[in-house]
Amino acid sequence: EPEVTQTPSHQVTQMGQEVILRCVPISNHLYFYWYRQILGQKVEFLVSFYNNEISEKSEIFDDQFSVERPDGSNFTLKIRSTKLEDSAMYFCASSVTAKRTDTQYFGPGTRLTVL
Amino acid sequence: KNQVEQSPQSLIILEGKNCTLQCNYTVSPFSNLRWYKQDTGRGPVSLTIMTFSENTKSNGRYTATLDADTKQSSLHITASQLSDSASYICVVSISSGTYKYIFGTGTRLKVLA
């Protein structure tokens, strides 16, 4: 069964450094999402992306964050200057459509640790 | 304020027993409600999705109910198995120009042999 994959599984970085988290969505999916989950807290929506544009974003997704689909398969989340509070699990998800009832398929996540 | 509250926070049951998890929400305007299962260290996996007009939806041993009037949902797990041990997350979507997903904090279920 097709899966969303994410790399790396764990990223450790120094505060102030830039990080890029990578995701390969399911191949026939057109809508992509990033979520984060701070340890012990609930999952939070960051951004959705379609047709090379951001569809929606939450208050968390500020100028520090950017997303890109650099080629036909990868979908990336960039954090420009990481802060300690960016330490979290970051999940990528994809869906075939953006219909309200469409299933989103999540990747296994990237654990980001900012020191 | 748009919120999703889940109860209990954690639950321990014996293998083979049934259990029911609760989700109350104060979200408007309501679009749909989803239940996810999240194994430790993994991404959430969708179990059910219900719109305003749906009262019940099943997926194998999982049955979700929705009462849009009282803004409550439940997830019933029948004949639990050890592999059901996970966090179960309720997510309510709102649609008000911007489409937002409000996640609950989850119920951590442990099934013991």
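List of remarks:
- Remark: relative contact order (chain B) = 37 percent; criterion is Cα-Cα distance under 8 angstrom and separation of 6 or more residues.
- DSSP beta bridges confined to the protein assembly as shown are antiparallel in about 90 percent of cases.
- Isolated Cys in the protein assembly as shown, by beta carbon distance under 4.7 Å: B:C19
- The GNM of chain B, with springs linking C-alpha atoms under 10 angstrom apart, assigns the highest mean-square fluctuation among B:Y25, B:Y62, B:Y88 to B:Y62.
- Net charge of the neighbourhood of B:K17, taken over other residues with C-beta under 14 Å away and scored Lys/Arg +1, Asp/Glu -1, is 0.
- Residues A:V24, A:V43 arranged by fewest to most Cβ contacts within 10 Å: A:V24, A:V43
- Beta bridges per DSSP with both ends in chain B, % antiparallel, nearest 5: 90
- Charging the Cβ of each Asp and Glu at -1 and of each Lys and Arg at +1, and nothing else, the dipole of chain A about its Cα centre rounds to 140 debye.
- Ranked B:S46, A:S27, A:S94, criterion: other C-beta atoms within 10 Å, fewest first: A:S27, B:S46, A:S94
- Contact order for chain A, expressed relative to its length and based on alpha carbon pairs under 8 Å spaced 6+ residues apart, stands at 38 percent.
- The GluC sites (Glu not before Pro) of the stretch A:31-115 that DSSP puts in a loop, and whose beta carbon has at most 12 other beta carbons within 10 Å, are A:E59.
- Spatial separation of Cα centroids for the stretch B:49-113 and the stretch B:1-20, in angstrom: 10
- Each Lys and Arg contributes +1 and each Asp and Glu -1, all at the Cβ; summed about the Cα centre of the protein assembly as shown, the dipole is approximately 340 debye.
- Shape category assigned to the stretch B:36-113 from the gyration tensor of Cα positions, a/c cut at 1.5: oblate
- Qualifying trypsin sites (Lys or Arg not before Pro) for the stretch B:1-43 [loop in DSSP, other Cβ within 10 Å: at most 14]: B:K1, B:K17
- Put a plus charge on the Cβ of each Lys and Arg, a minus charge on the Cβ of each Asp and Glu, and nothing anywhere else: the dipole of chain B about its Cα centre is then about 220 debye.
- Ranking A:S55, A:P2, A:H29 by how far each Cα lies toward the positive end of the dipole of chain A (charges on Cβ) leaves A:P2 at the top.
FYI, it's all coordinate maths here, none of it is from the lab. Worth saying up front: this structure is predicted, and the values here are computed from it rather than measured. Ideal geometry is used to build each Cβ from the backbone, glycine not excepted, and the neighbour counts take in all protein chains shown.
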